[in-house]
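Beneath this line is the structure, given in structure tokens, with notes to follow.
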Amino acid sequence: MAVEAKPRLRISINGEYLRVARLVEGLGIATVCESALCPNIGECWGSGTATFMIMGDTCTRGCRFCYVKKGKPEPLDPGEPWRVAVAVKTLKLDYVTITSVDRDDLPDGGASHFAATVRAVKKLNPGVKVEALIPDFQGVREHVELVARSGLEVLAHNIETVRRLTPLVRDRRAGYEQSLRVLEYAKEARPGLVTKSSILLGLGEEWGEVVEAMRDLRSVGVDILVLSQYLRPSPKQLPVAKRYKLSEFRELAEIGRRLGFAYVVAHPLARTSYKAKEAYLAAIARMKGGGEEQAS
Amino acid sequence: MAVGEAGVVEVRVPRELWPRRGGWRGKLVSVARPGSRVEKGQVVAEVEIEKAVLEIESPVEGVVVWSLPEGSEVEPGSVIVRVESGGG
């Protein structure tokens with residue numbers, strides 16, 4: 001792969017970045033920014049925000065695009081919800097994205113812990129908007145509903161790739177249909193809830209398959225779509241099959257808008273939580289009928 | 001960054017980048033040569049990792065007095081350039 005094809009990241013560690021680094025380390029909270037080698041860490045931490053990853057830093061699944069540690073996780077820490085709440089307060093966040101590893105070892109997949117974290121964040125930070133990027137909880141409706149009804153504004157769950165590539169890209173316990181059902185259950189649990197999903201591009205999918213995945217997401221009422229370029233984190237993960245041009249991202253975003261998504265984030269470096277507040281505000285404005293047409 | 005001998009600043013592959021997720025490595029694909037004058041904030045090295053090319057800035061204005069050879073394998077904390085602050 002040519003060097004020129006890879007994104008260029010200007011590394012600038014400022015005071016705000018170091019403040020975030022000290023805070024999350026001091027509170028013992030994992031971040032997906034670090035765990036997944038997120039390319040946007042400089043921009044996000046440098047502007048005083050982070051995406052917290054609860055239930056530890058070790059995932060029970062082995063998806064082949066992901067850099068998060070895999071293995072046997074530590075037991076849940078009952079103090080974690082409160083520490084996340086303290087982090088949100090300390091950083092003075094008015095919008096926070098919380099995600100987690102998969103915890104197939106727990107009877108409820110960690111749904112009650114996730115919901116407790118949302119409630120703790122809300123309790124300590126009145127007015128804060130919370131986005132939860134959840135695992136699939138093995139497709140158990142009750143577990144999805146527990147989080148969907150915990151008081152959050154946005155429930156995100158990533159379909160990650162197209163139907164055909166799902167068995168190759170994701171852990172065998174994940175499923176394309178299962179992920180669609182998770183998004184459907186969330187919407188049914190709280191019809192006003194904003195839902196969101198991401199597709200990683202560049203894993204070998206065909207253009208028509210991407211459009212099909214977008215249609216499938218709309219069919220279960222997903223409001224916000226994120227399209228981003230897959231970047232191989234290390235030689236242990238799947239190779240990049242294609243690097244999409246900006247013009248292709250724009251074209252897919254336009255297709256997404258025509259399919260009825262309230263907002264589409266489409267950029268090589270976009271990630272589910274990247275500029276999540278902006279996407280949420282634009283989406284609800286559009287859903288209420290008062291929003292501007294999204295610029296391409 | 002770290003100050004080594006008097007007035008000489010070491011530019012490293014930042015340990016603060018993804019601080020609790022070590023294990024990543026990279027290759028130094030371009031670097032400012034000894035004798036080059038650099039400004040504060042100027043990119044003095046490019047490190048290719050699997051995901052991206054990292055552009056690393058000089059934290060000071062000065063003159064490069066030493067740099068690691070291009071093609072070297074690096075990791076978080078590796079010293080890649082030494083800049084004599086304000087020198088020249």
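Would you please name the residue that is surrounded by the fewest Cβ atoms within 10 Å (Cβ to Cβ), looking only at residues in the stretch B:45-64 that are of a type in the set (Val, Ile, Thr) and within 11 Å of chain A (Cβ to nearest Cβ)? I'd like the intermediate steps shown before the answer.
Step one: of the stretch B:45-64, the residues of a type in the set (Val, Ile, Thr) are B:47, B:49, B:53, B:56, B:60, B:63-64.
Those still in the list that are within 11 Å of chain A (Cβ to nearest Cβ) too: B:47, B:49, B:53, B:56.
Working: B:Val47: 26, B:Ile49: 21, B:Val53: 19, B:Ile56: 24.
Ranking the candidates gives B:Val53 first.
How about the stretch A:161-210: which of its residues are hydrophobic (A, V, I, L, M, F, W, C) and touching a Cys at 6+ places or on another chain (Cβ under 9 Å)?
Kept after step one, since they are hydrophobic (A, V, I, L, M, F, W, C), are these residues of the stretch A:161-210: A:162, A:165, A:168-169, A:174, A:180, A:182-183, A:186, A:189, A:193-194, A:199-201, A:203, A:207, A:210.
Passing the criteria: A:Val169, A:Ala174.
Residues of the stretch A:56-69 being away from every other protein chain (no Cβ under 12 Å), hydrophobic (A, V, I, L, M, F, W, C) and either touching a Leu at 6+ places or on another chain (Cβ under 6 Å) or not in a loop (DSSP other than H, G, I, E, B) (or both), which ones?
A:Cys59
Checking B:Gly35 against (1) surrounded by 17 or more Cβ atoms within 10 Å (Cβ to Cβ); (2) farther than 24 Å from A:Ala50 by Cα; (3) not polar (S, T, N, Q), only one condition comes out false. Which one?
Condition (1) is where B:Gly35 drops out.
Being closer than 16 Å to A:Val101 by Cβ and in contact with a Leu (Cβ under 7 Å, 6 or more places away or on another chain) is the filter here; which residues of the stretch A:159-184 pass it?
A:Glu160
Identify the single condition in (1) farther than 18 Å from A:Val194 by Cα; (2) modelled with pLDDT under 95; (3) not in a loop (DSSP other than H, G, I, E, B) that A:Ala295 does not satisfy, given that it satisfies every other one.
(3)
So B:Gly41 ticks every box in (1) of a type outside the set (Asp, Glu); (2) touching a strand residue (DSSP E or B) at 6+ places or on another chain (Cβ under 9 Å); (3) under 30 Å from A:Val240 (Cβ atoms) but one. Which box is left unticked?
Here B:Gly41 meets the rest and fails (3).
Starting from residues that are away from every other protein chain (no Cβ under 14 Å) and closer than 26 Å to B:Trp18 by Cβ, keep the ones in the stretch A:206-237 and report whichever is surrounded by the most Cβ atoms within 10 Å (Cβ to Cβ).
So in the stretch A:206-237, the residues away from every other protein chain (no Cβ under 14 Å) come out as A:206-227.
The next check asks that each one be closer than 26 Å to B:Trp18 by Cβ; those that pass are A:226-227.
On the way: A:Val226: 26, A:Leu227: 24.
Checking each candidate, the answer is A:Val226.
Give me a count of the residues in the stretch B:13-29 that are more than 9 Å from chain A (Cβ to nearest Cβ) and in a strand (DSSP E or B).
Adding up the residues that qualify gives 3.
When the stretch A:139-162 is examined, which residues are found to be in contact with an Asp or Glu (Cβ under 6 Å, 6 or more places away or on another chain) and either in a loop (DSSP other than H, G, I, E, B) or among the aromatic types (Phe, Trp, Tyr) (or both)?
Selection gives A:Val162 alone.
For the stretch A:11-43, what are the residues that are touching a helix residue (DSSP H, G or I) at 6+ places or on another chain (Cβ under 7 Å) and part of a strand (DSSP E or B)?
A:Ile11, A:Thr31
The values are calculated or read from the model by the stated rules, or taken from the named source; none is laboratory data. Small disclaimer: the values here were computed from a predicted structure and weren't measured. No Cβ is skipped: glycine too gets one built from the backbone with ideal geometry, and neighbour counts run over all protein chains shown.
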